[in-house]
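One structure is given here, and the rest of the page talks about it.
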Amino acid sequence: MADKEKSEKTGGAGSGVPVADEDLVALVESLPPPNEFAERVMESVPQAREMKIYLKEIGRFPVLSESEELNLVKLIQEKPDAKTRKKLNEANIRLVAWIAKEYANGETSLSDLINDGTLGLANSVASFDIESGVSFRMHAAAWIKKAVSEAVAFETSMNRIPDYLLEKIESVKPVSQKLMAAMGREPTREEVADELKLSVDELERLIKLVGHAPSNEETEEIDEEEQELIDNNEFYENQDYD
C-alpha cells in the first residue's frame, strides 16, 4: 500500500507535514479491536486504570470504513460542522489513545496526552489531500504523534523555566488548544497573542523560552543574553501583564 511506503523523508525537509514512518505504521496496525481496547491500554500503561470507564466508553464507538472516513473528511473540508467533526473524532479516538499511551509516564498524564493527540487529529483534517492515495488514518496518526510528542517536549522544557514565568507560559498552550479546537486548524501567533492580550513580540519571547510554538513553526534556541536574564530573574521584569 502507498501509505506503508511513506517515510519521514517523504514530507521533505522543512515541509512541516508529518508522515508516518515504519514504526508508526506498525503501531497503527497493532491497534486492537474495540472490545479488547480498554484492557490492552491498561496492560501497557498502569495509570490508565484510572481511566477505565473512559477507555471502555470509547471502545464502544463504531469503526468506520476508509470510504466513510474520507466522506467525513471531505464534508469537514468543504463545510465544517460540529456534528461531522464529532463523528470523525469518535471514529479515531482509540487511535489517539493508542498512540498517546506510548508517551505516557509517571510525569506525563495519559489523559492530557489524549487531549493533545485529539488536537493533532483535528489539525490533520485540513492538511489531508484526499487524492494523495494515503489513507486518512495513517495521515492522522502522523499528526497525532506530532502533537503528542511536541506536548511531551513542551512539558520537559517547562522544567527549566523559573516559577515566576510559568504562569505566563502555561497560559499559551491551553489558549492555543482552545483556538485550534474552535477553528479546526492551528492558530497563528497573531491570533494567540490577541487572545492572550499580548503583543506578538511578547508571545515570541515566551515561545522562545520553551522552544515550543503554538503554530508548530521552527523556533530558535535561547541566546546567552536571554538565558542570563532568566537565571537572574530579570526576564519580563518590566513587562506589565493583566
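Do the conditions hold for Ala38, that is, is it buried (at least 18 other Cβ atoms within 10 Å of the Cβ) and assigned by TED's automatic domain parsing to the domain that holds Leu119? I'd like the intermediate steps shown before the answer.
Values: buried (at least 18 other Cβ atoms within 10 Å of the Cβ): yes; assigned by TED's automatic domain parsing to the domain that holds Leu119: yes.
Here the answer is yes, as Ala38 does meet what is asked.
Can we say Leu179 is closer than 30 Å to Ser65 by Cα, assigned by TED's automatic domain parsing to the domain that holds Val25, modelled with pLDDT of 85 or more and out of contact with any strand residue (DSSP E or B) (no Cβ under 8 Å at 6 or more places or on another chain)?
Values: closer than 30 Å to Ser65 by Cα: yes; assigned by TED's automatic domain parsing to the domain that holds Val25: no; modelled with pLDDT of 85 or more: yes; out of contact with any strand residue (DSSP E or B) (no Cβ under 8 Å at 6 or more places or on another chain): yes.
So Leu179 fails the test.
Leu88 fails exactly one of the following numbered conditions: (1) outside any loop (DSSP other than H, G, I, E, B); (2) over 21 Å from the mean Cα position of the chain (by Cα). What is the number of that condition?
Status for Leu88: all satisfied but (2).
For residues that are surrounded by fewer than 20 Cβ atoms within 10 Å (Cβ to Cβ) and assigned to a helix (DSSP H, G or I), scanning just the stretch 190-202, find the one that is nearest to the chain's Cα centre (by Cα). Steps first, please.
Of all residues in the stretch 190-202, those surrounded by fewer than 20 Cβ atoms within 10 Å (Cβ to Cβ) come to 190-191, 194-197, 199-202.
Next, only the ones that are assigned to a helix (DSSP H, G or I) stay: 190-191, 194-196, 200-202.
Working: Glu190: 20, Glu191: 18, Asp194: 22, Glu195: 20, Leu196: 20, Val200: 22, Asp201: 24, Glu202: 23 Å.
Here the answer is Glu191.
Identify the single condition in (1) closer than 18 Å to Ala140 by Cα; (2) in a helix (DSSP H, G or I) that Pro32 does not satisfy, given that it satisfies every other one.
(2)
Closer than 30 Å to Ser30 by Cβ and modelled with pLDDT under 75, is that true of Asn216?
Working: closer than 30 Å to Ser30 by Cβ: yes; modelled with pLDDT under 75: yes.
When the stated conditions are applied, Asn216 passes them.
For the stretch 99-114, indicate whether the set of residues that are over 17 Å from Glu155 (Cα atoms), in the same structural domain as Glu36 (by TED's automatic domain parsing) and surrounded by 23 or more Cβ atoms within 10 Å (Cβ to Cβ) is non-empty. Give the steps one after another, and end with the answer.
In the first step, residues of the stretch 99-114 are kept if they are over 17 Å from Glu155 (Cα atoms); the result is 99.
Going one step further and asking which of them are in the same structural domain as Glu36 (by TED's automatic domain parsing), we end up with 99.
Next, only the ones that are surrounded by 23 or more Cβ atoms within 10 Å (Cβ to Cβ) stay: 99.
Among the residues of the stretch 99-114, at least one is over 17 Å from Glu155 (Cα atoms), in the same structural domain as Glu36 (by TED's automatic domain parsing) and surrounded by 23 or more Cβ atoms within 10 Å (Cβ to Cβ), which makes the answer yes.
The values are calculated or read from the model by the stated rules, or taken from the named source; none is laboratory data. Predicted model, so just to flag it, every value in this text is computed and none were measured. Note that each Cβ is placed from the backbone with ideal geometry, even for glycine, and that neighbours are counted across all protein chains shown.
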